[in-house]
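Here's the structure, in structure tokens; my notes come after.
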Amino acid sequence: MHDKTIARIRHGLASGEFSSREICEHLLSRIDQLNPSCNAFISVSSELALQHADDADKRRAAGADSPLLGVPIAHKDIFCTNGVRTSCGSRMLENFVPPYNATVVDKLSQAGVVCLGKTNMDEFAMGSSNENSYFGNVVNPWGSNRVPGGSSGGSAAAVAARMVPGCTGTDTGGSIRQPASFCGITGIKPTYGRVSRYGMIAFASSLDQGGPMAATAEDCALLLQEMAGFDEKDSTSIDRPVDDYCGSLNDALDGLKVGLPKQYFTEGLDNNIAASLQASIAELEKMGASFVEVDLPNQHLSVPAYYVVAPAECSSNLSRFDGVRYGYRCDNPADLEDLYKRSRGEGFGREVKRRILIGTYVLSAGYFDAYYLKAQKIRNLISEDFTSAFKEVDMILGPTTPTPAFKIGENSADPVSMYLNDIYTIPANLAGLPGISVPCGLVDDLPVGMQLVGNYFTEARLLNVAHRFQQVTDWHLKSPAK
Amino acid sequence: MAVDEDTVRAMAHLARVQIDPDRVAGYATEMSNVLALAEQMEEVDTSDVEPMAHPTHAVQRLRDDVVLEGNEREQFQEIAPETNDGYYLVPQVIE
């Protein structure tokens, strides 16, 4: 029962093969059994979920239907859920119960989903390994000594372990695609502005974007169809109709032109991942795609620019957590300054504090031009590289990560080596482009992902190519789950 | 640029975040390493490049200046650490 995709669950619910209560009860008992060792969930809302499942079953019995009526999912604990604790992986919000829903939560609820709980994550989405969560690290279901990636590591692990068929995630520098790759699932980061950021706790506002994570591209299409769309409440939301992601999944790939950036296939990339990508390229060629080398000359400046822009925006965004209006407050503050300093010092973890300090530094008087302004100019160069490439090709193919999932503790001592994990995912965030990670092989019994990056608002085409690839390969069906 | 311990303490004060005195030296090293990474950007001349404002060049939307939300003060203050009579309480600021 737990091996069912969202598409399969929809079919089973519609045909009366099983009820929403049955599938939700099954998955909740699975979460009970697996979560103590995996730690993918911070909160499990069993009672509320079963209540919603019963509602969905009643609505269906009364003839109602909506695209995801009765389908169980989980939300990353960065999305505000009215009345359900939203911690963002932080002590600062350990007891924070939002008085409102994120737009993504509202939209998926309107589509009929049943939320089983909230998934673990690096604190405030800052991390690539899920080792920065106040609620403990998540264990990769593929190996008990491996990280699941981050920051949406709980969502990726929950889907990989088949505790839930789909989850929401967010991606600021790779936080959907990198854990999807490490856990052998599919995840798409849409174009910046495609999915509303309202109620999604802000980390780096010019980069943050929500998206779906699931076993298959088809399931990602089903979820994204409901998540995407214009929202008045997000000033960076784009007012543009949402494409029919599901309707174009089976389009032919004849004539598809794909670029292979010469900067991506170099010595920094694991040889076995490179071989998996070559095999994937051969599969796509068989279906009519052609490949050419493209040049992204400023690619190597992505990580440097990102680690200025992201900390700068983080230091600004996180200044709202002051111990006054909501969130953690220290005991017995001596005065107002002590209240601010200790509430923030005790409420934030080490990586968050590190980024606040770096962000404060690069935004301080005398350094703004050299760092933040420079990084925003570099972003335009990186973006122009993609624009030139998209004159020649429809999309770009490369690895999602330089290596398979690394060991817990392996990179935690050196922030810079941890940051370099996102070398292939960060460029899409800096340019605001959509990117998808698709399982494309196993290396040392660990899954690895292929990344496709498309031009603005080409999510439908990315999902189409990923779906067609999944019709002729079975990497996305492999799971460590029993 | 290498960051020294005084700079770490100054940034922590500006950001109003208390840091463990034992961690100051560690933060100085880590910040220096990240800034060294950032300084790779200097190799490219960007004097003729505009800074990015929005990836798809969207501009700020305007809407009519009308009230959209009701008064939700009580609901918001339910989750505050300390309130009284509709106000948020902090330690005394004015003697």
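Some observations on this one:
- Out of B:95, B:74, sole residue that is more than 24 Å from residue A:306 (Cα to Cα), in a helix (DSSP H, G or I) and open to solvent by 80 Å² or more (accessible area, probe 1.4 Å): B:74
- Close pairs (7 angstrom Cβ cut-off, 6 or more residues apart or separate chains): modelled with pLDDT of 95 or more in the stretch A:282-300, open to solvent by 60 Å² or more (accessible area, probe 1.4 Å) and assigned to a strand (DSSP E or B) anywhere: A:290/A:257; A:292/A:257
- Criterion applied to A:150, A:210, A:169, A:154 was being more than 14 Å from every other protein chain (Cβ to nearest Cβ) and either farther than 25 Å from residue A:319 by Cα or touching a Leu at 6+ places or on another chain (Cβ under 8 Å) (or both), and the one residue passing it is A:154.
Every residue, every condition in (1) in contact with a helix residue (DSSP H, G or I) (Cβ under 9 Å, 6 or more places away or on another chain); (2) within 10 Å of chain B (Cβ to nearest Cβ); (3) in a helix (DSSP H, G or I), yes or no:
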{"residue": "A:377", "(1), (2), (3)": "yes, yes, yes"}
{"residue": "A:381", "(1), (2), (3)": "yes, yes, yes"}
{"residue": "A:387", "(1), (2), (3)": "yes, no, yes"}
{"residue": "A:390", "(1), (2), (3)": "no, no, yes"}
{"residue": "A:396", "(1), (2), (3)": "yes, no, no"}
{"residue": "A:404", "(1), (2), (3)": "yes, no, no"}
{"residue": "A:411", "(1), (2), (3)": "yes, no, no"}
{"residue": "A:417", "(1), (2), (3)": "no, yes, yes"}
{"residue": "A:420", "(1), (2), (3)": "yes, yes, yes"}
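Every residue, every condition in (1) more than 9 Å from chain B (Cβ to nearest Cβ); (2) not polar (S, T, N, Q), yes or no:
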position	(1), (2)
A:301	no, yes
A:307	no, yes
A:310	yes, yes
A:313	yes, yes
A:319	no, no
A:325	no, yes
A:328	no, yes
A:335	no, yes
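- A single entry from A:466, A:431 fulfils the requirement of being farther than 30 Å from residue B:38 by Cα and touching a helix residue (DSSP H, G or I) at 6+ places or on another chain (Cβ under 8 Å): A:466.
- In summary, residue A:346 fulfils each of the numbered conditions (1) out of contact with any Cys (no Cβ under 9 Å at 6 or more places or on another chain); (2) open to solvent by 40 Å² or more (accessible area, probe 1.4 Å); (3) assigned to a helix (DSSP H, G or I) with the single exception of condition (1).
So that you can scan it fast, the table gives a plain yes or no per residue for (1) among the charged types (D, E, K, R); (2) within 8 Å of chain B (Cβ to nearest Cβ):
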site: A:343; (1), (2): no, no
site: A:354; (1), (2): yes, yes
site: A:357; (1), (2): no, yes
site: A:366; (1), (2): no, no
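- Contacts under 7 angstrom Cβ, first residue in the stretch B:34-58 being in contact (Cβ under 8 Å) with a residue 24 or more places away in the chain, partner open to solvent by 30 Å² or more (accessible area, probe 1.4 Å), 6 or more apart: B:35/B:1
- Residue under evaluation residue B:50, criteria (1) within 28 Å of residue A:321 (Cβ to Cβ); (2) open to solvent by 70 Å² or more (accessible area, probe 1.4 Å); (3) at the interface with chain A (Cβ under 7 Å from one of its Cβ atoms); (4) not hydrophobic (A, V, I, L, M, F, W, C), criterion not met: (1)
The values are calculated or read from the model by the stated rules, or taken from the named source; none is laboratory data. Nothing here was measured: the structure is a model prediction, and the numbers come from that model. As a convention, Cβ positions derive from the backbone with ideal geometry for all residues, glycine included, and neighbour counts pool all protein chains shown. With ligands, DNA and RNA removed, areas are computed over all heavy atoms of the protein, side chains included. Shrake-Rupley method; radii C 1.70, N 1.55, O 1.52, S 1.80 Å.
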